[in-house]
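J.: To start, I am sharing the structure in question, which I have written as structure tokens.
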Amino acid sequence: MRQSKPGSVYKATHTLWYPIILCLFIIQLAACSPPLTVGILAGLTGSQSELGVAGRNGAMFRFEEENAHRGMNRFVPMVENDQNEPQRVPKLVQSLRRAGVAVVVGPFTSTIALAVTKEKEELLFFFSNRQCQAPGWPG
């Protein structure tokens with residue numbers, strides 16, 4: 001049986017709460033406005049897809065919960081699968097922009113986060129992976 005390092009359960013649990021916290025912030029942004037299209041940029045297939053799937057599921061759960069609570073569709077999520085391939089990022093960001101998305105939850109991996117930082121689109125990204133430590137990561 002493989003044993004995990006001390007504190008790893010805390011880190012995993014702590015990291016999974018980030019999409020929910022970010023969704024709460026987005027909910028506050030949309031409180032008094034027409035429906036808000038929110039992008040979710042996640043790797044749903046390919047390497048490290050477990051991070052993207054968990055992040056997407058957390059965000060979708062929160063949006064569905066808030067829509068049900070308010071009795072209306074305040075949030076319309078638009079999910080884009082980056083497949084953890086940085087070369088897909090420019091096309092996906094353009095697609096989100098064309099759909100009228102101004103706020104994006106994700107990305108969930110440092111490889112895609114680094115690619116997103118190189119984009120010049122005026123989208124507000126919530127980097128939901130506090131572990132962004134790819135080579136070349138600014139900061």
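No lab work stands behind these numbers, since they all come straight from the coordinates. Keep in mind the model is a prediction, meaning the values are calculated, not measured. Note: ideal-geometry Cβ built from the backbone for every residue, glycine included; neighbour counts use all protein chains shown.
J.: Under 15 Å from the Cβ of G71, count the other residues' Cβ atoms, weight Lys and Arg +1, Asp and Glu -1, and hand me the total.
T.: Residues near G71 contribute -1 overall.
J.: Pulled fully out, how much extra length does the chain show between T37 and E64, if you take 0.36 nm times their separation in residues and subtract their Cα-Cα distance?
T.: 8.4 nm is the gain from fully extending T37 to E64.
J.: Now for a separate question. Which length gain, in nm to one decimal place, applies between L24 and N73 when the Cα-Cα distance is subtracted from 0.36 nm times their residue separation?
T.: Taking L24 through N73 to full extension adds about 16.1 nm, to one decimal.
J.: Q94 versus L123, label points 7 Å from Cα toward the beta carbon: distance in nm?
T.: It works out to 1.3 nm between the two label points.
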